[in-house]
Each structure stands twice: as structure tokens, then as C-alpha cells.
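A.B. asks: Encoded as C-alpha cells, here's the structure I'll be asking about.
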Amino acid sequence: MNFSLTPDQEELQAAARNFARAELPAIAAELERDNKPPSHELIHRYAEMGFLGINVSSGLGGLGLGNIEALIVLEEFAKISSAVAFPIFESSVGPVRAIEYFAPESLKKRVVPAVCRGEMVIAVSMSEPDAGSALTDLKTRGVIKGDKVIINGTKRWCSGGGHADAYVVYCRLSDDPGAKAIGAVLVENGTPGLSFGPPEQLMGFRGIPSSDLNFDDCEVPVENIIVPAGGFRQLMEAFDLERCGNATMSLGQASGALEDVSQYVLERKQFGKPIAEFQAVQIKLAEMHMKCEAARLLIWRAAVNAQDGLPSVLNSSTGKCFANTISREVTGDAMQLMGAYGYSKEFPMERRLRDSWGWGIAGGAIDIQKVNIAGAMLGRRFDQRR
């Protein structure tokens with residue numbers, strides 16, 4: 001058990017930190033103001049610098065590094081903002097990994113290298129109007145007819161909706177009940193029969209577009225089936241890695257807030273001295289530091305124990321649940337220490353707080369993670385319908 005980063009990992013972390021801090025704050029402010037996603041030019045730049053597909057195999061255009069390296073880079077970008085970090089998230093711990101692990105060879109060779117080159121953005125579409133936490137209640141249906149899959153239904157809360165180049169769509173691919181029918185299909189933007197609802201107006205996540213996806217006799221080739229009916233367990237295994245990414249995005253809001261407020265308390269003076277001299281401030285900083293460190297260790301444990309594969313549901317849910325919880329606490333405490341400056345839109349603190357609440361909802365709410373944890377601890381699955 002080694003709690004130190006290797007020299008190569010430290011070098012990668014420094015490269016990500018230096019780039020993010022020097023180049024991205026002004027872009028993050030612009031994306032927040034305009035509620036626009038990162039430009040294709042910026043994503044291409046990420047690719048040129050090797051920040052996309054960090055843990056994707058080199059044979060598919062990635063760097064071939066481990067999950068821990070991907071999460072190290074993701075946190076440094078997330079410290080700036082969720083929006084500028086989202087392309088890193090999507091390419092390293094998001095739906096593209098399900099394609100890499102489970103899709104037919106022809107599909108993964110067409111899609112994954114394009115993502116790593118910054119030429120393609122992939123989003124995942126899971127939830128529906130009546131299926132969020134109860135994901136096996138999906139109604140969107142894909143019917144296989146000859147060499148086509150014909151999809152009908154509506155998906156909701158798709159981050160990247162209307163913006164991404166393609167979508168990993170969870171849907172029913174057979175008449176079997178519950179999870180036995182669920183698989184996933186890749187649907188590319190511009191496919192006839194695919195349309196989008198109006199952009200969602202959310203409390204946070206500005207710069208990460210979200211909308212409904214509507215499928216009306218939408219036809220895709222059968223070669224676009226990523227996981228056939230009965231592959232729900234495989235999809236959830238890939239999603240365990242996405243939970244680590246969600247947790248890291250959440251942690252980035254907290255650790256970024258801690259860095260900002262640590263500098264602020266050294267500069268802000270009241271009663272004739274920096275407020276860092278007050279014991280109450282010192283205690284609060286220490287508590288915030290402990291929470292960030294504990295969250296990071298839980299997330300990295302999940303990544304390392306996976307041995308560069310897919311993490312366990314117990315480790316990934318524990319890391320996500322804890323990081324989501326402390327992120328809200330740390331950003332709230334940081335805002336309080338900064339007073340009106342923290343509450344002002346002139347500074348990124350209030351954005352971090354709003355995004356922190358979003359990460360505890362996205363990808364499985366905090367209390368759902370607790371159910372996952374208890375089930376994994378006890379070696380059983382709890383049926384919420386009984």
C-alpha cells in the first residue's frame with residue numbers, strides 16, 4: 001500500500017494544474033456567463049496535449065495510462081470549473097469507456113480514437129421521465145429489424161443533449177421483463193428520427209448542456225449496438241468507473257474552493273490582521289482539508305483496486321457518496337469564510353457551490369449510493385418494489 005504518487009504521476013498532475021490554472025479560468029467564466037459548452041477548438045487543444053482518453057488503450061488512441069492518472073488530471077480541471085473539465089470526464093471515465101470495453105470491434109475502432117483526437121464528443125442517455133433511480137423501468141425501446149434498430153421513446157436529463165456528436169442510449173432491446181431487456185445503442189447526432197427538447201435551465205452545470213432526447217422511429221445500424229439485451233450488468237460495471245469520475249468532479253469543486261479560500265484568508269484583513277489569524281478560521285480550514293483528503297483517498301482507492309479495469313460498486317459508491325456530501329459542505333464553508341465575495345458572481349465560489357449540489361444528484365443520488373453500499377456490504381440486492 002503506497003500513498004505517494006509516482007514521479008510520472010506528479011509530473012502529469014503538475015502539467016494539468018499548470019495548464020488549467022493558466023489557460024482556463026477566463027474560459028470557465030465565459031462558459032458560465034453564456035451557458036455554452038467548451039468549443040471544438042478547446043477540445044482539440046486538450047487532445048493535442050494528451051488530456052483526452054488518458055486511460056484509454058494506446059491501440060485506440062489513448063495514452064494507455066491507468067484510472068488513477070485520469071482522475072488526477074480530471075480533478076485539476078474540475079478545480080477550475082465543471083464545464084471545462086467535462087470533456088476530460090467524458091473521454092476518460094464517461095460513456096466512451098463502455099464502448100471501449102463492450103462494443104463490437106468495428107464500432108470501438110470508429111468511435112474511441114475519434115474521441116481521443118478531440119473530433120467526437122460522446123454523451124450517455126440513461127434517465128427517462130419515469131426512470132431515474134429506478135433505471136430498470138426504462139420504456140425507450142429498440143426493435144431489431146434486419147440490419148436496423150428502430151428506436152422509439154424519450155430520454156431525460158442527458159448531459160450533452162443537443163451538443164454531443166453521439167449518444168450511448170440505454171433502452172429495451174427485447175420483450176424480457178426488467179433489466180433482462182436492457183442494452184445500449186450508439187445514436188449519432190443528425191440521425192433521422194432523433195430530436196431534442198429545449199435546453200434545460202438548471203441551478204448549476206452551466207456550460208454543460210442538458211436536454212431531452214426524443215426518438216421517433218429512429219433507425220441505426222445493428223452494428224451500433226454496444227451491449228445487447230441482457231447486458232445491464234455490464235453497463236453498470238462501466239458506470240462504476242463513471243461514479244469515480246462524478247466523485248472527482250465533485251471533489252474538484254471542494255478542493256478548488258479550499259485552494260481559493262486558503263489564499264483569501266491570508267489576504268483579507270479584519271480588525272487589523274489577516275483573518276487566517278483567527279482560530280475559528282483555522283479550525284474551519286482544517287476541517288475542510290480533512291474532508292477533501294478523505295474523499296480523494298476513497299476515490300483513488302476505488303481506482304487503484306480496480307487495477308486499471310473497472311472499480312467495484314462498493315468502492316465507487318463509497319467514494320461518490322462521500323465526495324458528493326463533503327463537496328456541498330466544503331463549498332458552503334468556503335463561501336461563508338469569503339462572505340459577500342463568496343456570494344458574488346464576480347468570483348467562482350458560488351458557482352462551485354451550485355455545481356456541488358448537482359454532482360450529488362447526477363449519476364445516482366447520494367442516498368441511492370448508500371443503498372448500493374449496504375447491498376454490497378451484505379452481499380445482496382435490495383428490491384425497492386417490495
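The values are calculated or read from the model by the stated rules, or taken from the named source; none is laboratory data. All values derive from a computational prediction rather than experimental measurement. We place every Cβ from the backbone using ideal geometry, glycine too, and count neighbours over all the protein chains shown. Side chains are part of the model used for accessible areas, which takes the heavy atoms of the whole protein and leaves out ligands, DNA and RNA. Shrake-Rupley method; radii C 1.70, N 1.55, O 1.52, S 1.80 Å.
A.B. asks: Could you list, in sequence order, all residues of region 316-332 that are over 22 Å from Gly94 (Cβ atoms) and open to solvent by 60 Å² or more (accessible area, probe 1.4 Å)?
C.D. replies: Glu329 - this is the single residue of region 316-332 that is over 22 Å from Gly94 (Cβ atoms) and open to solvent by 60 Å² or more (accessible area, probe 1.4 Å).
A.B. asks: Quick test for you: out of Val304, Val313, pick the one residue that is open to solvent by 40 Å² or more (accessible area, probe 1.4 Å), within 18 Å of Ala365 (Cα to Cα) and among the aliphatic types (A, V, I, L, M). Steps first, answer last, please.
C.D. replies: Working: Val304 fails: within 18 Å of Ala365 (Cα to Cα).
None of the others qualify; the one that does is Val313.
A.B. asks: Can you tell me which residue within region 343-366, out of those that are free of Cβ contacts under 8 Å to residues at least 40 places away in the same chain and not aromatic (Phe, Trp, Tyr), is least open to solvent (accessible area, probe 1.4 Å)?
C.D. replies: This residue is Glu350.
A.B. asks: So which of Glu277, Glu242, Glu287 ends up being of a type in the set (Asp, Glu), out of contact with any helix residue (DSSP H, G or I) (no Cβ under 7 Å at 6 or more places or on another chain), under 17 Å from Glu75 (Cβ atoms) and open to solvent by 20 Å² or more (accessible area, probe 1.4 Å)?
C.D. replies: After ruling out the rest, the residue left standing is Glu242.
A.B. asks: Does region 18-37 include one or more residues that are β-branched (Val, Ile, Thr) and within 21 Å of Ala257 (Cα to Cα)? Walk me through it before giving the result.
C.D. replies: First, pick out the residues of region 18-37 that are β-branched (Val, Ile, Thr): 27.
Imposing the further condition that a residue be within 21 Å of Ala257 (Cα to Cα) reduces the set to 27.
Yes, region 18-37 contains at least one residue that is β-branched (Val, Ile, Thr) and within 21 Å of Ala257 (Cα to Cα).
A.B. asks: Contact list please: Cβ distance under 8 Å, first residue in region 4-28 and among the polar types (S, T, N, Q), second residue surrounded by 11 or more Cβ atoms within 10 Å (Cβ to Cβ), pairs at least six apart or on different chains.
C.D. replies: Correct list of pairs: Gln9/Ile68; Gln9/Glu69; Gln9/Ile72; Gln13/Leu5; Gln13/Ile72; Gln13/Val73; Gln13/Glu76.
A.B. asks: Moving to a separate point now. Can you tell me which of (1) open to solvent by 70 Å² or more (accessible area, probe 1.4 Å); (2) within 27 Å of Ser344 (Cβ to Cβ); (3) within 23 Å of the chain's Cα centre (by Cα) is the one Glu237 doesn't meet?
C.D. replies: Only one criterion is unmet by Glu237, namely (2).
A.B. asks: Another question, then. Could you list, in sequence order, the residues of region 146-180 that are outside any strand (DSSP E or B), within 17 Å of Phe196 (Cβ to Cβ) and open to solvent by 30 Å² or more (accessible area, probe 1.4 Å)? Give the derivation first.
C.D. replies: Within region 146-180, the subset outside any strand (DSSP E or B) is 146-147, 160-165, 173-180.
Retained after the next criterion (residues that are within 17 Å of Phe196 (Cβ to Cβ)): 160-165.
Once the filter is applied, which keeps residues that are outside any strand (DSSP E or B), within 17 Å of Phe196 (Cβ to Cβ) and open to solvent by 30 Å² or more (accessible area, probe 1.4 Å), region 146-180 yields Gly162, His163, Asp165.
A.B. asks: Restricting to strands (runs of 3 or more DSSP E) lying wholly in region 185-260: which have 2 or more residues that are in contact (Cβ under 8 Å) with a residue 40 or more places away in the chain and closer than 15 Å to Ala362 by Cα? Walk me through how you get there before you give the answer.
C.D. replies: Numbers: elements: 194-196, 210-221, 225-227.
Where strands (runs of 3 or more DSSP E) fall fully within region 185-260 and carry at least 2 residues being in contact (Cβ under 8 Å) with a residue 40 or more places away in the chain and closer than 15 Å to Ala362 by Cα, they are 210-221.
A.B. asks: May I pose another question? Go through the residues of region 262-272 one by one and say whether even a single one is aromatic (Phe, Trp, Tyr), surrounded by fewer than 17 Cβ atoms within 10 Å (Cβ to Cβ) and modelled with pLDDT of 95 or more. Outline the logic, then answer.
C.D. replies: Pass one, region 262-272, residues aromatic (Phe, Trp, Tyr): 264, 271.
Then drop every residue that is not surrounded by fewer than 17 Cβ atoms within 10 Å (Cβ to Cβ), which leaves 271.
Narrowing the set further to residues that are modelled with pLDDT of 95 or more leaves 271.
For region 262-272, residues aromatic (Phe, Trp, Tyr), surrounded by fewer than 17 Cβ atoms within 10 Å (Cβ to Cβ) and modelled with pLDDT of 95 or more: present.
A.B. asks: Looking only at region 372-386, which residues are open to solvent by less than 60 Å² (accessible area, probe 1.4 Å) and closer than 18 Å to Ala179 by Cα?
C.D. replies: Narrowing region 372-386 to residues open to solvent by less than 60 Å² (accessible area, probe 1.4 Å): 372-376, 383.
Of everything in region 372-386, those that are open to solvent by less than 60 Å² (accessible area, probe 1.4 Å) and closer than 18 Å to Ala179 by Cα turn out to be Asn372, Gly375, Asp383.
A.B. asks: Additional query: Keeping to region 321-340, report how many residues are of a type outside the set (A, V, I, L, M, F, W, C) and more than 18 Å from Lys79 (Cβ to Cβ). Walk me through how you get there before you give the answer.
C.D. replies: Let us first name the residues in region 321-340 that are of a type outside the set (A, V, I, L, M, F, W, C), namely 324-325, 327-329, 331-333, 336, 339.
Restricting the remaining residues to those that are more than 18 Å from Lys79 (Cβ to Cβ) gives 325, 336, 339.
So the answer is 3.
A.B. asks: Mind listing whichever residues of region 188-207 are surrounded by 15 or more Cβ atoms within 10 Å (Cβ to Cβ) and under 20 Å from the mean Cα position of the chain (by Cα)?
C.D. replies: Passing the criteria: Glu200, Leu202, Gly204, Phe205, Arg206, Gly207.
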